[in-house]
Amino acid sequence: MCVGICPNGFQSNLISLTCDQCQNYIDPKCNSCYPSCQLCKQSQAKNSQCDSCYSETKQLDSDNNCTCLNPKDLRNNFYQCSYQNIAVLDIQLSASKPLLIIDFGSPLKDISVNTPFSLCQQIFDQPTLTLLGSDSSCQITGNQVQVILGDSSIIMANNIINFLPNKLQFEDYNTYFINTFYRNIVFQNDPGIPLLNFNYNPNQNSCNPLSIALQNIQNDAGRKFLNISWTLVQVIGTISDEQKQNIKKILQQASQDMTTSITIDPKYIPSNQNIAIQFNYQLKVNKVGSQLFTINYQQQKQIRISFQQSVYPPIYRYMSLSFYFQFYIEICELGLITYNNEPVDLQLISNQLQQKNLSQYSLSSYQFDIPPYSLQSNSQLNASLVVNLSSNKNIIAIQKISVDILITDLYLQVIGGSSLVVGYQSKLSLNTNSRDFEIQDSKSPQNINFSWECSSLSSSDHICYDYKNNIVQLQQGSSSISFPAKTFQPYTSIILNVIGQKDSRKSNYRTICLFTELNIPQLEVQFSATRLNQKINLNEDLNFIINYDENISSDILTYAGALLYDNDVVGVIKFDYYQVKFRIWNYFKNVDPLKPTIQARFSVYNPTFIMPSLTTISFNINFPPQNCTLVISPLQGVALQTVFSIQFLYCLDEDLPLTYQFFYYNSIDDAQQELISPWNIQRRQIQDQTTVNQIQTLLPQGNLVIMSQVIDSQLGVYNQTQVISVQSQSLTTKDYFQQINQLTQQTLSSTNLQATSQLITLSLIGEDISKNTQFSYDLNNLGSLLITNLQQLSLQIPKFSLISTYANKVTAKLSGLLFNSQQQIQNTDKNQIIKILQSIIQNTDSSIQNNDLSHLQQNNDFPIQNIIDSFKILNSCVTMNSQNTQQNLQDYDQITTKLGSIFSNINLPNQGSLILNGNLSSLLIDKITQKNIYTYVNSFNEPDLNNVYSISRNNYELNIYENTSEFQGYIQQMKNISSNYTYSKNKLIQTQITKSDTNKLIDNSTIIYNFNNAVTSMKYNMTCIQQNDKQWSKKNCVLLKNSKNESVCYCNTQKPTTIIEDIDDMFLKNENLKTAFGEQGFLNLENFKEFYNYIVFWFIFAFTLAQIILFIVGQRLDRKTLQKSSQRVHHHLEIISTPKIEPQQENQKDNQNLKELSIAGCEDQVIKNNSPNEKKIQSTENIENKFQNNQHFPVVFDEFYAKIRCTNHFKRKRKAFLNSNQNQSHIHTFLYQNYPHPNYFYIVLELYDG
């Protein structure tokens, strides 16, 4: 048939004069008629009318229009329509998002599949799936099949989409499967002109890499690039062909990798070049373009700034906030960096703080501290640090910071906890602990409005009734509430809810009160909130104060605590004071997120009551981040050579941001030991808190335990560990030194590194050296260099950093190697170490006193780490094996005493003592109440039973004062008596017992000094001597032995104490003295040099002079006596013949007996003092055993005075007895009842003398 116009779907072939079927149905040449027609006349084509229709899907109506047999397909854009097994497609790519929409014109029947991509696989053929990509997803929605395109999709305009036949069905024709598809060509909706934004610096410094990076694309429908290419257009400047080729290779590789950013290392580009690079692209929205970049690559000085902040969000105005900036000046050529130190001008600009300006600033770091309450709540702190060279204002760098300051919630708590047990006969008083942290002064009015609600658990209507069944009226508007005694019936349970409100903030707290029939005092337990948080962490310190009765001493009460979870006791808390501090995860860790509540139950027992008082506090647990994975690569390597990648991935938590810390243990044993003794922290921190969840680091040798830690914004902590193997370097001692020295020098010269980074690297090197079995003079010198820099850098890093703890541990190890090796370094180095150590200790003490430790430092036990590590450093420097000056020993004593004081300040009483065992000494640190003080003192007189005492006792293995002039003065006295005698060398004990409130030494007490395995003399008695003022003497001390055969000194003063031969005993037993009046006496006196300095000389002189005088006087008296002798005899006979009164005779007899007994008693004491030492100690030992059950150590004190008083003249004793006959009878009876042994009788009698 011949036609004037070809049917739709065909186009005319003027050569063959035929109508050929079209492949592109959208081509206008294939649609001569109105799109819905089959055939039309020339006139109908202009009027949108048809002459005929394709009968498979359409019919001609009376208006000469082709209408679809499927009434739901209302499209008139094609000569076919969707009907039964035929589908006409309308395929369009979205102009705004990566979405392909295929419209079928009629609702499709849904297909059940497992995944969205499975639907794509079920309905499309493989070539189409390739275009769609593997990460696309499909869905059927009404008339449409929608394909959400992934990054791997490459489908574009004019691509053909092919459906698999017999897979899809129309809802209205479910007996047919679609097997014929028309219009399957993709059409792209125009997204507009593409806009590409690149980030690059047209004037780049030669210290920086040449970098061009795509920042974003606009008008690409979110589909990005199909193809890209980077091209080097030109380089103007002096550059070699090799350098050009290197740049081209980098660009070519970036093109192949479809990388939209390039970075060319400075080592490939000479300075002072003008470089042009072109970027060509084709977008998936079928758009092409290019962009040219011209960069002037110049050599000039530049300033780099880095910073750290002390606290991460959320940040409130009550927090202190610090920013630590570090800056350095550099100039570069082909990747080689030269660092300069030049004065700079600093300018700190802030929207909330006063501007700060510093000129000619010479340091390389600057810390900006913002005190608490300096910032406004509900605001943003924006600050900029501007640094420019003082010599060139145009060389400038700016570091911007921005921090959101949030407003705090109201803190509200009922003192006493969430559960109370109260006697119904007692008055009930509830007080609240409330705080608005927006107000700086906690003692000023907080202006919080309080309201109370009462709900009964014992009544059906939950209304609170009193014992008369009247509704209880509550006091409102006050922070406390009280109920008179017997308000409620016994066994009534009520819930009191207090609500605090201020402006838009509101908080509440609920307490359950159970009234018992027993009269039990009310117990209040106050939880000391160190920060504003409604939840507590398993890893944080919880502080509680027990309020019982201020009139009752804490020593009388018995305390106990327990942790309850899900109504089960999961931990028992032992403490012996009205304050207690603990961490939950030391008792219990397995908390179910569905059960986030844990309870702390406290009880206090007073012996005057039949039952203890109880209270319970409930806490909501802040769950730490979960689902974390620790990834370490590689798991094996070589020390200080292999770079280990440590990543802590996939951590999830609602309290953002998450921050990370990284540690290692030297062995599994160290990790387990820290669990047993949490105060002795063995972990090494190799990364401060940061928002980056991975690090690249070298490591020392050993089977290390890597621990990664993630922290949420509420300081909840989750740890995960993994063991890795780090082999030692198989090098000779010389080669090992060269490699380690090179790494050390490289680190020290890298002034661009942050101080913390330098400190970490040097600590890693030092740790490896301390583990290495190779020793040499060079390694010792390198160790000395490392110690110096470790200590100096520890003082330069930010004060909120924790890396100094790592440096301290390494310093202790290196010091132990250096000062105890055969090749010791000079004492000047030791003095410098001790000097810096004193600065570290002083800073630690200041942080504690000023309470400016961050919560992160507190959770990581920063003060305790510094105390323990400082002692380890000191113990490594000053040992029994090292060469120590007297100043070193004095510094050792002062520092250990200071450490004891610091630890006491952060410790609670009666929590147990801490013993630090060292080579030179063993340091005991304790904090106690009066009931436990008798461990350290013998007698004590203090009426105030509520005092707290700090104990610091240093047990030295040798006498550190031995070489002092004062102690040598005592030794010289011994040599003057016996020049060839070698004295006994014993340990020395230094004890300090102070009142915690005044920090003054206690007085009116006898201090106990225990000497185990003391060296004693077989020839002379031993004695305790103390350093009193400028000399050593046994004044105020007595030496005894206890039942354990330990030598014990009891002294009335707290001075350095040791045991040595008694000079008085040596004098009495000296052979020269015994023969002084013999044949060789005067010759023996020649052994005494400077004889006039000795008491014995003057004693002999006085004795001789007295004998001469007495001889002369005696002769005269003899003459007079002979004259009167007859008269005396006669008078005596008269007296005898005179009758006597019996009572008087008895009294005279008693008096004579007492005189004899008294003399015998003191003679017995003198004999014992002159007997061998063992017998003397044995005698005193019996006395101690006799009385130790009655008092703590009373007899030792008595014997001390007994020994002194036995030297008094006997006339004084006789006079005392004769003048108090009645009293002596009473004393006689008392003594024999309590002390059956005669010796005790005489000793105790001496205490009543005078």
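Of the numbered conditions (1) within 49 Å of the chain's Cα centre (by Cα); (2) not assigned by TED's automatic domain parsing to the domain that holds V386, G289 satisfies every one except a single condition; which is it?
(1)
What's the total number of residues in region 197-221 that are part of a strand (DSSP E or B), in contact (Cβ under 8 Å) with a residue 24 or more places away in the chain and not hydrophobic (A, V, I, L, M, F, W, C)?
6
Quick one: which of Q253, Q245 is in a helix (DSSP H, G or I) and either within 30 Å of I155 (Cβ to Cβ) or of a type in the set (S, T, Y) (or both)?
None of the other options fit; the residue is Q253.
Of everything in region 37-58, what is crowded, with 20+ Cβ neighbours inside 10 Å, of a type outside the set (F, W, Y) and within 23 Å of I160 (Cβ to Cβ)? Give them in sequence order.
Once the filter is applied, which keeps residues that are crowded, with 20+ Cβ neighbours inside 10 Å, of a type outside the set (F, W, Y) and within 23 Å of I160 (Cβ to Cβ), region 37-58 yields only T57.
Which of (1) out of contact with any helix residue (DSSP H, G or I) (no Cβ under 6 Å at 6 or more places or on another chain); (2) within 30 Å of D669 (Cβ to Cβ) is the odd one out, the single condition S750 does not satisfy?
The failed condition is (2).
Is region 309-330 home to any residue that is surrounded by fewer than 18 Cβ atoms within 10 Å (Cβ to Cβ), more than 29 Å from the chain's Cα centre (by Cα), in a loop (DSSP other than H, G, I, E, B) and in contact (Cβ under 8 Å) with a residue 24 or more places away in the chain?
Within region 309-330 (the criterion being surrounded by fewer than 18 Cβ atoms within 10 Å (Cβ to Cβ), more than 29 Å from the chain's Cα centre (by Cα), in a loop (DSSP other than H, G, I, E, B) and in contact (Cβ under 8 Å) with a residue 24 or more places away in the chain), the answer is no, since none of the residues qualifies.
Tell me whether region 197-217 contains one or more residues that are in contact with a strand residue (DSSP E or B) (Cβ under 9 Å, 6 or more places away or on another chain), at positive phi and not polar (S, T, N, Q).
no
Could you pull out the residue among G561, G637 that is closer than 30 Å to N932 by Cβ and of a type outside the set (A, V, I, L, M, F, W, C)?
G561
Per-residue answers, yes or no, for (1) in the same structural domain as G716 (by TED's automatic domain parsing); (2) among the β-branched types (V, I, T); (3) in a strand (DSSP E or B):
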{"residue": "S482", "(1), (2), (3)": "no, no, yes"}
{"residue": "V498", "(1), (2), (3)": "no, yes, yes"}
{"residue": "F515", "(1), (2), (3)": "no, no, yes"}
{"residue": "N539", "(1), (2), (3)": "no, no, no"}
{"residue": "Y559", "(1), (2), (3)": "no, no, yes"}
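Identify the residue in region 553-565 that is modelled with pLDDT under 90 and either crowded, with 17+ Cβ neighbours inside 10 Å or not polar (S, T, N, Q) (or both) and, among all such residues, is farthest from N859 (Cα to Cα).
Across region 553-565, the extreme among qualifying residues is I556.
From the list P909, P943, which residue is modelled with pLDDT of 90 or more, in a loop (DSSP other than H, G, I, E, B) and either within 21 Å of T998 (Cβ to Cβ) or out of contact with any helix residue (DSSP H, G or I) (no Cβ under 9 Å at 6 or more places or on another chain) (or both)?
The conditions single out P909.
For I275, are the conditions met, namely being touching a helix residue (DSSP H, G or I) at 6+ places or on another chain (Cβ under 9 Å) and either buried (at least 18 other Cβ atoms within 10 Å of the Cβ) or at positive phi (or both)? Walk me through it before giving the result.
Working: touching a helix residue (DSSP H, G or I) at 6+ places or on another chain (Cβ under 9 Å): yes; either buried (at least 18 other Cβ atoms within 10 Å of the Cβ) or at positive phi (or both): yes.
Against the criterion (touching a helix residue (DSSP H, G or I) at 6+ places or on another chain (Cβ under 9 Å) and either buried (at least 18 other Cβ atoms within 10 Å of the Cβ) or at positive phi (or both)), I275 qualifies.
Given the criterion in contact with a Phe, Trp or Tyr (Cβ under 6 Å, 6 or more places away or on another chain) and assigned by TED's automatic domain parsing to the domain that holds T1053, identify the matching residue among Y981, Y970, Y956, Y1009.
Step by step, each of Y981, Y970, Y956, Y1009 is checked, and only Y970 is in contact with a Phe, Trp or Tyr (Cβ under 6 Å, 6 or more places away or on another chain) and assigned by TED's automatic domain parsing to the domain that holds T1053.
Would you please name the residue that is farthest from L538 (Cα to Cα), looking only at residues in region 652-669 that are hydrophobic (A, V, I, L, M, F, W, C) and within 21 Å of the chain's Cα centre (by Cα)?
Here the answer is I668.
Quick test of your reading of the structure: L640 fulfils all but one of (1) within 23 Å of the chain's Cα centre (by Cα); (2) part of a loop (DSSP other than H, G, I, E, B). Name the failing condition by number.
All conditions are met except number (1).
Checking Y339 against (1) surrounded by 16 or more Cβ atoms within 10 Å (Cβ to Cβ); (2) assigned by TED's automatic domain parsing to the domain that holds N388, which test does it fail?
(1)
Can you go through S728, S757 and tell me which one is out of contact with any strand residue (DSSP E or B) (no Cβ under 9 Å at 6 or more places or on another chain) and surrounded by 16 or more Cβ atoms within 10 Å (Cβ to Cβ)?
S757
For region 651-747, please list each of the strands (runs of 3 or more DSSP E) lying entirely inside it that holds at least 3 residues being touching a helix residue (DSSP H, G or I) at 6+ places or on another chain (Cβ under 6 Å).
In region 651-747, the matching strands (runs of 3 or more DSSP E) lie at 684-690.
Answer with yes or no whether L630 is assigned to a loop (DSSP other than H, G, I, E, B), at pLDDT 90 or above, aliphatic (A, V, I, L, M) and more than 20 Å from L563 (Cα to Cα).
Considered against the rule, which asks whether it is assigned to a loop (DSSP other than H, G, I, E, B), at pLDDT 90 or above, aliphatic (A, V, I, L, M) and more than 20 Å from L563 (Cα to Cα), L630 comes out as no.
Whether any residue in region 600-619 is in contact with an Asp or Glu (Cβ under 9 Å, 6 or more places away or on another chain), surrounded by 14 or more Cβ atoms within 10 Å (Cβ to Cβ) and farther than 28 Å from N947 by Cα is what I want to check.
No: region 600-619 contains no residue that is in contact with an Asp or Glu (Cβ under 9 Å, 6 or more places away or on another chain), surrounded by 14 or more Cβ atoms within 10 Å (Cβ to Cβ) and farther than 28 Å from N947 by Cα.
I'd like the residue in region 105-146 that is in a loop (DSSP other than H, G, I, E, B) and β-branched (V, I, T) and, out of all such residues, is surrounded by the fewest Cβ atoms within 10 Å (Cβ to Cβ).
T115
Which pairs have Cβ atoms under 9 Å, sit 6 or more apart or on different chains, and link a residue in region 122-140 that is under 22 Å from G105 (Cβ atoms) to one that is crowded, with 17+ Cβ neighbours inside 10 Å and small (G, A, S)?
Partner pairs satisfying both residue conditions: L132/S153.
Would you mind finding the one in I610, I598 that is modelled with pLDDT under 90, outside the structural domain of N741 (by TED's automatic domain parsing) and not aromatic (F, W, Y)?
Details: I598 fails: modelled with pLDDT under 90.
The unique qualifying residue is I610.
The values are calculated or read from the model by the stated rules, or taken from the named source; none is laboratory data. These numbers were taken from a predicted model, which means no experiment stands behind them. Cβ coordinates were reconstructed from backbone atoms using ideal geometry, including for glycine residues, and neighbour counts include every protein chain displayed.
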